[in-house]
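Participant: The structure follows.
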Amino acid sequence: MLDYFLQQLIFALAIGAIYGLIALGYTMVYGVMRLINFAHGEFFMLGPYVYTFIFSGLIGLGGLAPMLDSAIAIIASFVIVGLLGVAIERFAYRPLRAYGRLAPMLSALGMSIVLQSAVRVTVGPQPVHFPAIVPSTPIDALGGMVTTVQFGILVAAVLLMVGLTLFVNGTRLGIWIRAASESWTTSSLLGIRVNRAVSLVFFIGPGLGAMAGIMYASYYGIMQPTMGSVIGLKAFTAAILGGIGSIPGAMLGGFLLGAIETFGTAFLPILSFGYIGTEYRDVFAFAVLILVLLFKPAGLLGETVSEETTVAKKDY
Amino acid sequence: MNRTRILLSAAALLFTSGAMPVLADDIVLGGSAPMSGAQAEFGQSQIDGAQLYFDQLNEKGGINGNKVVFRPLDDRADPRQGTLVAQQFCDDSAVIGVIGHMNSGVTMPALDIYSECGMPQVVPATNPELMRMGFKTVVRPVANDFVQGALPAKYVTEKLGLKNAVLVHDKTVFGQGIAGVFKDNFEAGGGKVSGSYGTNPEDVDFSALIASIKLENPDVVYMGAGMPQLALFLKQMREQGLKAQFIGPDIGFTIDFITQVGAVSAEGALMTFQLPPYDSSPELKDFSDRHQARFGRAPGPYASLGFANAQVMAAAVEKAESLDRAGVLAQLHGVTVETLLGPVAFDENGENTTAPMYLYVVKDGKFELIKQ
């Protein structure tokens, strides 16, 4: 039974890491702009498509060392998807900023449809095989089995999260972001260029989403234009669970949602003697979300509610 | 003035009837399947197969001297679009027969509409229920899911001697239905089903489920689901070292299945399909060559079925006393015809009395027919 538990824990960590990375994008954008960026799931979807495009381009040009090609393609997808995020904020959200909360949110929904349809039209709607970046070899670990891909996902995700935390807490640019999310008006009065902070957030968030997309595609071996919809909703849930606006909260929420889902699938049928099947996994995950919201509306690590954020929350 | 009016109405006629103007004694037949979207590969192959047969027929002078005009419409595998297509065919009095639809879920709501307007219908969809709903306007040359679930159950219990199965299905009409059929036949063959698990149709992560299936230690896993779920499940199953025999239904019979799972992990997986491979008989080889010559590509998965369905429809039209829906309908159920896929004759429900089913195994990255 302990083996079984450990095995499930490994699955939970791998999927939780991916949820966490995507949730960071939601939470950072919300933190700075009080906007739920519904197009965020599409940045996740674009990641593997951009990666494949660059990677096969490099191979087509003759290619360098195999690992180097992948590395270049990964960095390029971060940058390209990040820049796309900045451009979308600049042209689809910023002009609507003066028109309340609803207009940018609808614009985000529209962007989501545009991006998804664009990929569907240009690449095709069918799922495409995505070759794993590292070959998937099972390793025995503590009675459970970890594949190299799962291990790679976990290591990469944790590195990205640690990197982000250091960046936000330890650099001048990080101070911009924190200041802008604390109070928009005060920081602009103090000489912080809030729009730069916004652009920065819209570079990092989609970039991290793209990284999560690449991990996800190499984990499951496929990519498809609709892959961002469901996973985007799950990651959004993770962000709420951890407390939207809080960076450590998004990470915690991601891992927690992964654990709830995995252990729900693994133990519900056993605990209920087969009456509740594995198809109730999502029901279980969302039920936990409702409970957290009922008893701790700000989420697990949600910021202490200041006057400004209270106003913001009322608006929704 | 008069001349412009004639020209205008001629132009209008051209627009309403597609590229080819329909002459008074042309035979217009409709066809519908998904020609865009995720299942386009399957749907388009049926349409191509039917088109190939009608082209061939027209070269020889058509049916009793009348040319056949085949009019395919896209239903996008969407039940709502399917009913619109059905209505469109019904409203056009020139259309005297329809081959369609490919998906059971699309066919079911459309049956009612076709039956209302007395449209003779040859159905390629495979859900057993379709022929038991009491509609008198339909026949089905292809084998239904009772046959599809039964064949692999018999094979693994009798030939491979495997007795302990786990079922996984995606809770859809098709997936849950076919898993149930497999279960009944597997148990009848002396096997034991030690677990049945439902998943969501869009799930991609089965790792937690597979870990708990591993505790049952099954030697067979039957999965009633769609793509890419079949491929994802098998891939994750092999990654976790679950060595059980994997069996899936017709939707997995595509090269995408093998590329998505990876040739090594897919090795040995069993898949049922309604059609024989294109190199299994001289007629099919000839069909394959002609398909290549006509469309510039090898026939897709359901091309030979489209061809055979067209043969059935044409046979009914040929015997019809009047070239309208009622005339064709009167002959539809009584048709006996030697098609590309073997003899076809219908029972009282409109099911083919001798519909074959084939079992394939993945070997060296290809599907290979298992000889019975």
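The values are calculated or read from the model by the stated rules, or taken from the named source; none is laboratory data. This is a predicted model, so every value here is computed, not measured. When we count neighbours, we look across all protein chains shown, and the Cβ atoms used for this are built from the backbone with ideal geometry, even at glycine.
Participant: Give the range B:265-292 a look and list any residue that's touching a strand residue (DSSP E or B) at 6+ places or on another chain (Cβ under 8 Å) and either closer than 17 Å to residue B:143 by Cβ or away from every other protein chain (no Cβ under 14 Å) (or both), or say none. Break it down stepwise before answering.
Facilitator: Our first condition is that a residue be touching a strand residue (DSSP E or B) at 6+ places or on another chain (Cβ under 8 Å); within the range B:265-292, this holds for B:266-277, B:280.
If the condition is that a residue be touching a strand residue (DSSP E or B) at 6+ places or on another chain (Cβ under 8 Å) and either closer than 17 Å to residue B:143 by Cβ or away from every other protein chain (no Cβ under 14 Å) (or both), then B:267, B:268, B:269, B:270, B:271, B:272, B:273, B:274, B:275, B:276, B:277, B:280 are the ones that fit.
Participant: Let me ask you something else. What is the residue count in the range B:180-214 for residues that are more than 7 Å from chain A (Cβ to nearest Cβ), in a helix (DSSP H, G or I) and farther than 23 Å from residue B:250 by Cα?
Facilitator: Number satisfying all stated conditions: 2.
Participant: Could you figure out which of (1) at pLDDT below 90; (2) surrounded by fewer than 24 Cβ atoms within 10 Å (Cβ to Cβ); (3) in contact with a Pro (Cβ under 8 Å, 6 or more places away or on another chain) isn't true of residue B:109?
Facilitator: (1)
Participant: Six or more apart or on different chains, Cβ atoms under 8 Å: show the pairs whose first residue is in the range A:51-62 and closer than 13 Å to residue A:123 by Cβ and whose second is β-branched (Val, Ile, Thr) and at pLDDT below 90.
Facilitator: Partner pairs satisfying both residue conditions: A:52/A:128.
Participant: Now a separate question. So in the range A:276-296, with the set limited to residues that are of a type in the set (Phe, Trp, Tyr) and surrounded by 13 or more Cβ atoms within 10 Å (Cβ to Cβ), which one is nearest to the chain's Cα centre (by Cα)?
Facilitator: Among those residues, the one meeting the criterion is A:286.
Participant: Checking residue A:215 against (1) modelled with pLDDT of 85 or more; (2) touching a Phe, Trp or Tyr at 6+ places or on another chain (Cβ under 8 Å), only one condition comes out false. Which one?
Facilitator: Every listed condition holds for residue A:215 apart from (2).
Participant: Do we find that residue A:155 is within 14 Å of chain B (Cβ to nearest Cβ) and not hydroxyl-bearing (Ser, Thr, Tyr) in this structure?
Facilitator: So residue A:155 does not fit the description; no.
Participant: Sticking with this structure for a sec: Name the residue, out of A:255, A:236, that is touching a Leu at 6+ places or on another chain (Cβ under 8 Å) and more than 14 Å from chain B (Cβ to nearest Cβ). Lay out the reasoning, then the answer.
Facilitator: Numbers: A:236 fails: touching a Leu at 6+ places or on another chain (Cβ under 8 Å).
Exactly one of A:255, A:236 is touching a Leu at 6+ places or on another chain (Cβ under 8 Å) and more than 14 Å from chain B (Cβ to nearest Cβ), namely A:255.
Participant: Taking the residues in the range B:112-130 that are outside any loop (DSSP other than H, G, I, E, B) and either hydroxyl-bearing (Ser, Thr, Tyr) or touching a Lys or Arg at 6+ places or on another chain (Cβ under 6 Å) (or both) as candidates, determine which candidate is surrounded by the fewest Cβ atoms within 10 Å (Cβ to Cβ).
Facilitator: B:115
Participant: While we're on this one: Among (1) touching a residue at least 40 places away in the same chain (Cβ under 8 Å); (2) among the aromatic types (Phe, Trp, Tyr); (3) closer than 22 Å to residue B:145 by Cα, which single condition is residue B:287 missing?
Facilitator: Every condition holds for residue B:287 apart from (3).
Participant: Given the structure, is residue B:262 within 14 Å of another protein chain (Cβ to nearest Cβ), surrounded by 22 or more Cβ atoms within 10 Å (Cβ to Cβ) and in contact with a Gly (Cβ under 8 Å, 6 or more places away or on another chain)?
Facilitator: no
Participant: Tell me, yes or no, whether the range A:82-94 has at least one residue that is of a type outside the set (A, V, I, L, M, F, W, C), under 25 Å from residue A:56 (Cα atoms), within 14 Å of chain B (Cβ to nearest Cβ) and surrounded by 19 or more Cβ atoms within 10 Å (Cβ to Cβ). Let's see the steps before the verdict.
Facilitator: Let us first name the residues in the range A:82-94 that are of a type outside the set (A, V, I, L, M, F, W, C), namely A:82, A:85, A:89-90, A:93-94.
Add one more test, that the residue is under 25 Å from residue A:56 (Cα atoms), and what stays is A:82, A:85.
Okay, now just the ones that are also within 14 Å of chain B (Cβ to nearest Cβ), so none.
No: the range A:82-94 contains no residue that is of a type outside the set (A, V, I, L, M, F, W, C), under 25 Å from residue A:56 (Cα atoms), within 14 Å of chain B (Cβ to nearest Cβ) and surrounded by 19 or more Cβ atoms within 10 Å (Cβ to Cβ).
Participant: Can you confirm whether residue B:166 is in contact (Cβ under 8 Å) with a residue 60 or more places away in the chain and within 14 Å of another protein chain (Cβ to nearest Cβ)?
Facilitator: Taking the combined requirement at face value, the residue satisfies it.
Participant: Next question, about the same structure. Return the residues of the range A:118-152 that are at the interface with chain B (Cβ under 10 Å from one of its Cβ atoms), assigned to a helix (DSSP H, G or I) and closer than 25 Å to residue A:259 by Cβ; say none if nothing qualifies.
Facilitator: A:149, A:150 - these are the residues of the range A:118-152 that are at the interface with chain B (Cβ under 10 Å from one of its Cβ atoms), assigned to a helix (DSSP H, G or I) and closer than 25 Å to residue A:259 by Cβ.
Participant: Could you tell me whether the range B:300-307 includes any residue that is of a type outside the set (Ser, Thr, Tyr) and loosely packed, with under 14 Cβ neighbours inside 10 Å?
Facilitator: Checking the range B:300-307: not a single residue is of a type outside the set (Ser, Thr, Tyr) and loosely packed, with under 14 Cβ neighbours inside 10 Å.
Participant: So, one more: Of all residues in the range B:234-249, which are surrounded by fewer than 24 Cβ atoms within 10 Å (Cβ to Cβ) and more than 10 Å from chain A (Cβ to nearest Cβ)?
Facilitator: B:242, B:243, B:244, B:245
Participant: Against the definition (within 14 Å of chain B (Cβ to nearest Cβ), hydrophobic (A, V, I, L, M, F, W, C) and under 12 Å from the mean Cα position of the chain (by Cα)), how does residue A:15 come out, yes or no?
Facilitator: For residue A:15, the condition - within 14 Å of chain B (Cβ to nearest Cβ), hydrophobic (A, V, I, L, M, F, W, C) and under 12 Å from the mean Cα position of the chain (by Cα) - is met.
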